[in-house]
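To start, the structure itself, in structure tokens.
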Ligand SMILES: C[S@@+](CC[C@H](N)C(=O)[O-])C[C@H]1O[C@@H](n2cnc3c(N)ncnc32)[C@H](O)[C@@H]1O
């Protein structure tokens with residue numbers, strides 16, 4: 001009798017903002033079971049050696065304006081290894097379903113008939129501000145938060161963020177992937193009526209020993225960030241919550 005081939009599977013693990021201590025217990029357990037780990041540069045890469053020392057590691061991290069593995073190829077890698085009977089962990093930074101293309105990977109696995117499960121992670125969108133002493137909501141200051149991508153400039157036809165509406169929404173605005181367009185984003189928000197004196201902060205390399213925070217008014221945040229050489233990965237928080245805890 002021909003032996004039945006082992007069925008592999010894919011586990012999409014949100015790895016948190018980079019500090020291995022912020023990887024969930026479920027994520028850690030998934031790593032311990034992995035035959036193959038397909039990883040991003042923003043994930044807790046140090047956790048792989050500790051929890052999956054014998055797994056094959058495939059690096060597919062995207063460096064802004066640098067080398068990267070196209071998403072289509074990442075999808076193929078996941079499916080190929082799972083079809084070979086492997087337990088594949090796709091380790092991503094933050095939460096894989098927050099600007100992480102985890103939904104696309106899930107769809108590709110399902111379309112290929114590969115079992116897939118999701119382990120949510122601690123998103124940088126809330127954790128990196130928290131680690132810088134900024135609560136993204138705070139009673140009496142704001143009743144909500146909008147997390148948006150600044151990957152394309154507000155006047156780019158590919159942008160579908162309603163920046164003018166955000167300026168009037170009374171929400172904390174958390175911008176991911178927005179360093180390159182910070183000046184244009186701030187200008188658009190001020191032109192749409194958000195006060196130029198609104199507090200803002202950029203946090204670079206959050207959850208790491210290199211973490212740096214630059215705070216300024218919305219009008220001045222792009223200049224202050226450039227002067228401090230803030231670059232990706234960085235998060236910008238805009239709103240009164242930036243000053244909520246009155247940190248030095
Ligand atoms: C492609 S998005 C991935 C977001 C991720 N899925 C999450 O939930 O955190 C990458 C962006 O997340 C933000 N980011 C992720 N990790 C960060 C960190 N440790 N420090 C600062 N920003 C970070 C930056 O804005 C970066 O450009």
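The values are calculated or read from the model by the stated rules, or taken from the named source; none is laboratory data. Note that the coordinates shown come from a computational prediction; the quantities given were computed from them, not determined experimentally. Using ideal geometry, Cβ is built from the backbone for each residue, glycine included, and neighbour counts are taken over all protein chains shown.
Looking at 114, 122 in this structure, which one is crowded, with 19+ Cβ neighbours inside 10 Å, away from the ligand (no atom under 12 Å from the Cβ) and in a loop (DSSP other than H, G, I, E, B)?
Step by step, each of 114, 122 is checked, and only 114 is crowded, with 19+ Cβ neighbours inside 10 Å, away from the ligand (no atom under 12 Å from the Cβ) and in a loop (DSSP other than H, G, I, E, B).
Kindly indicate whether any position in the stretch 201-214 is more than 14 Å from the ligand (Cβ to nearest atom) and touching a helix residue (DSSP H, G or I) at 6+ places or on another chain (Cβ under 8 Å). No. Of the residues making up the stretch 164-180, those that are touching a strand residue (DSSP E or B) at 6+ places or on another chain (Cβ under 9 Å) and within 19 Å of residue 228 (Cα to Cα) number 5. Counting only residues that are within 15 Å of the ligand (Cβ to nearest atom) and either surrounded by fewer than 19 Cβ atoms within 10 Å (Cβ to Cβ) or assigned to a helix (DSSP H, G or I) (or both), the stretch 79-97 holds 1 of them. Condition first: more than 16 Å from the ligand (Cβ to nearest atom) and buried (at least 19 other Cβ atoms within 10 Å of the Cβ). Can you find one or more residues in the stretch 220-232 that meet it? Checked against the condition, which is being more than 16 Å from the ligand (Cβ to nearest atom) and buried (at least 19 other Cβ atoms within 10 Å of the Cβ), the stretch 220-232 yields no hits at all. Scanning the stretch 155-168 for residues that are within 21 Å of residue 140 (Cα to Cα) and either within 20 Å of the chain's Cα centre (by Cα) or surrounded by 14 or more Cβ atoms within 10 Å (Cβ to Cβ) (or both) returns 166, 167.
Consider the stretch 169-193 and keep the residues that are surrounded by fewer than 20 Cβ atoms within 10 Å (Cβ to Cβ) and within 16 Å of residue 204 (Cα to Cα). The one that is farthest from the chain's Cα centre (by Cα) is 180. Is it fair to say residue 18 is within 15 Å of the ligand (Cβ to nearest atom) and touching a strand residue (DSSP E or B) at 6+ places or on another chain (Cβ under 6 Å)? No, not satisfied. Evaluated against (1) part of a loop (DSSP other than H, G, I, E, B); (2) within 15 Å of the ligand (Cβ to nearest atom); (3) free of Cβ contacts under 8 Å to residues at least 24 places away in the same chain, residue 53 falls short on exactly one condition, (2). Considering the stretch 20-41, and only residues there that are closer than 19 Å to residue 124 by Cβ, part of a loop (DSSP other than H, G, I, E, B) and at pLDDT 95 or above, the residue that is nearest to the chain's Cα centre (by Cα) turns out to be 23.
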